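*Asks:* A single structure is presented below for examination.
Laboratory data are not the source of any read-out in this text; all were calculated from the coordinates shown. None of these values were measured; they are calculated from a predicted model. Backbone-built Cβ (ideal geometry, glycine too); neighbour counts: all protein chains shown.
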Amino acid sequence: MMAEAFSHPFMYWVGMNTAPNTDAAALAAFNTFYSKTHLPEVVASNPGFVRGWRYELLQPDPRGDFGPRWLAVYEMDGEAAAHAYAQRHDGAPEGRPTYTPGPAAWQESQSMWRMIWKRLSSCGSASQPPHSIFMVGMNIPPDTDAAGLAEFNAFYTNIHVPEVMAHRGYDRGTRFELYRAFRHPEPGCPRFCAIYEADETTTAATQQARSNPQSGRSPLSSGPPTWEKHDTLWRLVYRRIEL
């Protein structure tokens, strides 16, 4: 059985957009190059990188254009790999890996996200990679003290994540905290991210539910004061691309 997605302690995200006028043939060349050439080169050229996954935006945040169309997730085996990558990023260009030049659509693409996340907790299990992932990025108030942060994390991990999974039928829910942001549009990268994994049936059901929201009281519990004051920067659904 393949190891569960998002099971390693750190992950590096790269989010990018292809040009709006890119035609189908150019997109096909972009995706083939990304999946078959670039992604394996990144894993092979960066010590501690274990594997990579690719995703395409399936459902944007209804409030605005907050997520890139294409997302690559590279899992890392520990903090040493994350620290080493950050050092290479901050160092001289000659110390960084070089990669195969891509097709025109690759050269014309624009980077939107680049960040490293540290895994905090996980709930549930999955026997196969997810068909889609629901990602929620949020911040807590900047004046939150240690006690408030502890309450927030305990509620998020032990109550909110299991409730979201039960309500929507997700297989797993995993929480991450930002380790390093290299690129993210204003107002900046959220501090926390939760990823909920769905199979194909659950993906279709949740898409239908979001298209026809039900009014009334939320089925999710209220939390401590810091939770009630959190700010959700984006809610995004991505479909996994078969490599």
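*Asks:* If you average 1/r across every pair of different Cα atoms in the range 9-61 and take the reciprocal, what Kirkwood value do you get, in Å?
*Replies:* Taking the inverse mean of 1/r over all distinct Cα pairs, the range 9-61 comes out at 12.9 Å.
*Asks:* Treating each Cα of the range 173-236 as an identical point scatterer and ignoring solvent, apply the Debye formula and state log10 I(q)/I(0) at q = 0.28, 0.29 Å⁻¹.
*Replies:* One equal scatterer on each Cα of the range 173-236 leads to -1.26, -1.27.
*Asks:* Now for a different question. Given the options PRO224, TRP106, PRO68, identify the residue whose Cα lies farthest towards the positive end of the charge dipole of the range 10-241 (+1 on Cβ of Lys, Arg; -1 on Cβ of Asp, Glu).
*Replies:* The residue sitting most towards the positive pole is TRP106.
*Asks:* Where does the chain land at 222 nm, in deg cm²/dmol rounded to the nearest 500, when only DSSP H runs of n ≥ 4 count, each adding -39500 (n - 2.57), divided by all residues?
*Replies:* Per the formula, -7500 deg cm²/dmol.
*Asks:* Starting with the highest mean, order 230-238, 168-176 by the number of other Cβ atoms within 10 Å, averaged over the residues of each peptide.
*Replies:* By packing density, highest mean first, the sequence is 168-176, 230-238.
*Asks:* So how strong a dipole does the chain carry about its Cα centre when Lys and Arg Cβ are +1 and Asp and Glu Cβ are -1, to the nearest 20 debye?
*Replies:* Dipole magnitude for the chain comes out near 140 debye.
*Asks:* To one decimal place, what Kirkwood hydrodynamic radius in Å is obtained for the chain from all pairs of distinct Cα atoms?
*Replies:* One over the average 1/r among Cα pairs gives 19.0 Å for the chain.
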